[in-house]
1. For Phe48, are the conditions met, namely being part of a helix (DSSP H, G or I), in contact with a strand residue (DSSP E or B) (Cβ under 8 Å, 6 or more places away or on another chain), open to solvent by less than 60 Å² (accessible area, probe 1.4 Å) and not β-branched (Val, Ile, Thr)?
2. Could you please find all residues in region 138-167 being more than 18 Å from the chain's Cα centre (by Cα), within 14 Å of the ligand (Cβ to nearest atom) and at pLDDT 95 or above?
3. Please tell me if Lys237 is open to solvent by less than 50 Å² (accessible area, probe 1.4 Å) and of a type in the set (Lys, Arg).
4. For Ala69, which of the numbered conditions (1) more than 9 Å from the ligand (Cβ to nearest atom); (2) in contact (Cβ under 8 Å) with a residue 40 or more places away in the chain; (3) farther than 28 Å from Pro142 by Cβ fails to hold?
5. In region 321-360, which residues are part of a loop (DSSP other than H, G, I, E, B) and of a type outside the set (D, E, K, R)?
6. Can you name the number of the only condition in (1) more than 16 Å from the ligand (Cβ to nearest atom); (2) surrounded by fewer than 19 Cβ atoms within 10 Å (Cβ to Cβ); (3) assigned to a loop (DSSP other than H, G, I, E, B) that Asn120 fails?
7. What are the residues in region 268-283 that are open to solvent by less than 60 Å² (accessible area, probe 1.4 Å) and more than 17 Å from the chain's Cα centre (by Cα), if any?
8. Given Tyr259, Tyr228, which one is within 20 Å of Cys191 (Cβ to Cβ) and among the aromatic types (Phe, Trp, Tyr)?
Amino acid sequence: MEFPKLANDLILRAAKGEQVEQVPVWIMRQAGRYLQEFQDVRAQHDFFTICRTPELACEVTLQPIRRFALDAAIIFSDILVVPQALGMTVEMLPGKGPHFPKPLEQPDDIKSLSYPVDVNKELNYVFAAITLTRHRLEGKVPLIGFCGSPWTLMSYMIEGGGSPTLSKAKSWLYQHQEASHRLLQIISDVCVDFLVGQVQAGAQMLQVFESHGGILSNQSFTTYCTPYLGQIVRRVKEKLSKNDLPVVPITVFAKGSHYAIEELSQLGYDILGLDWTIQPQDARKTAGGSVTLQGNLDPCALYASKDEIDRMTRDMLTQFGTQRYIANLGHGIYPTMNPDNVKAFVDSVHSISREIINQK
Ligand code: CP3
């Protein structure tokens, strides 16, 4: 069945480096707890039940689209569905976050993973949610699919949850190099099939979240992140074109990896996501002109007054420029954010960027 015709392709044009008349904007974690309507759904269903029920995942994906003039939707899911597909149990503890009752403790535990993974079986619920959401979006904005990066997922699988130092996972990189590469390769293989499957199901853009890159040394990043991130974008694009699927734009968001901007910009990703610690002009200089940049307002900046949000948005747009750029926060939005401030940010991006473009 055909999907409805796309009315707003602003973000796809920015991704490809084509001219835009206003800057596109979306927000990492735009579907979530800062919205009362999400809390209402969440009060009735466990987190992963929402992920696994296409009707519910679709509903919460659409919630922010109904409220704000966003230029993209991102499918409601979680990066931890991949460890689940590999046979690991993951729970989402209210107020605490993800919890793995049986994390990987030693290299031998890799054998306990169910690998290879038939993603069409194990992650079919994500594909079904994407297809349903493409229809329900009625072509209003493009739909983004995503996955976690191999290192970020490996670190959760070993730590068993959040950790400020990731010392258990990092110790593998120094004690069990061969096993680390083996595990990263297994996760990469699943990510490739998962991303291709999301496009086949209807995703029009993809993002890889390297949320835990910033805790590594530059050297470890180059050894354990870059090769797999490169492999993923290369293999996904190859498979898409071989299977006559659209070769959609792909973003890599590596939080905290300021030292890796140059190497990340050369991997074949269309878009480089930046956190708020990075100076836009520096990133532009380092990344060169052939990638689109995405980011990077401090998520906390949205706690400011609307006038301040306006001023900071203008500043950000002036520094990034209005072309080859997608506005976003530098990380996910906080659960205590007032939705009115989100609206102020989204509307400011549009009105100020139009003003700047029209002045030229
Ligand atoms: O709107 C969207 O962006 C789509 C949905 C989405 C979620 N998680 C929903 C979610 C996306 C893209 C993610 C990605 C994700 N998940 C990342 C990468 C982005 C980042 O923040 O760096 C990571 C590291 C995770 C793992 C994860 N999931 C953590 C650490 C937590 C707990 C912390 C938190 O924010 O609650 C989650 C839970 C989670 N994922 C929630 C939501 C809406 C809240 C869970 C709840 O309702 O209890």
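1. Values: part of a helix (DSSP H, G or I): yes; in contact with a strand residue (DSSP E or B) (Cβ under 8 Å, 6 or more places away or on another chain): yes; open to solvent by less than 60 Å² (accessible area, probe 1.4 Å): yes; not β-branched (Val, Ile, Thr): yes.
In short, yes.
2. Met157, Glu159, Gly160, Gly161, Leu166
3. The answer is yes for Lys237.
4. (3)
5. Gly321, Thr322, Gln323, Gly330, His331, Gly332, Ile333, Tyr334, Pro335, Thr336, Met337, Asn338
6. (3)
7. Here is the first cut: in region 268-283, the residues open to solvent by less than 60 Å² (accessible area, probe 1.4 Å) are 268-275, 278, 280, 283.
Once the filter is applied, which keeps residues that are open to solvent by less than 60 Å² (accessible area, probe 1.4 Å) and more than 17 Å from the chain's Cα centre (by Cα), region 268-283 yields Ile278, Pro280, Ala283.
8. Testing whether each residue is within 20 Å of Cys191 (Cβ to Cβ) and among the aromatic types (Phe, Trp, Tyr) leaves just Tyr228.
The values are calculated or read from the model by the stated rules, or taken from the named source; none is laboratory data. Here the structure is a predicted model, which means the values were calculated and not measured. No Cβ is skipped: glycine too gets one built from the backbone with ideal geometry, and neighbour counts run over all protein chains shown. Accessible surface areas use protein heavy atoms only, side chains included; no ligands, DNA or RNA. Shrake-Rupley method; radii C 1.70, N 1.55, O 1.52, S 1.80 Å.
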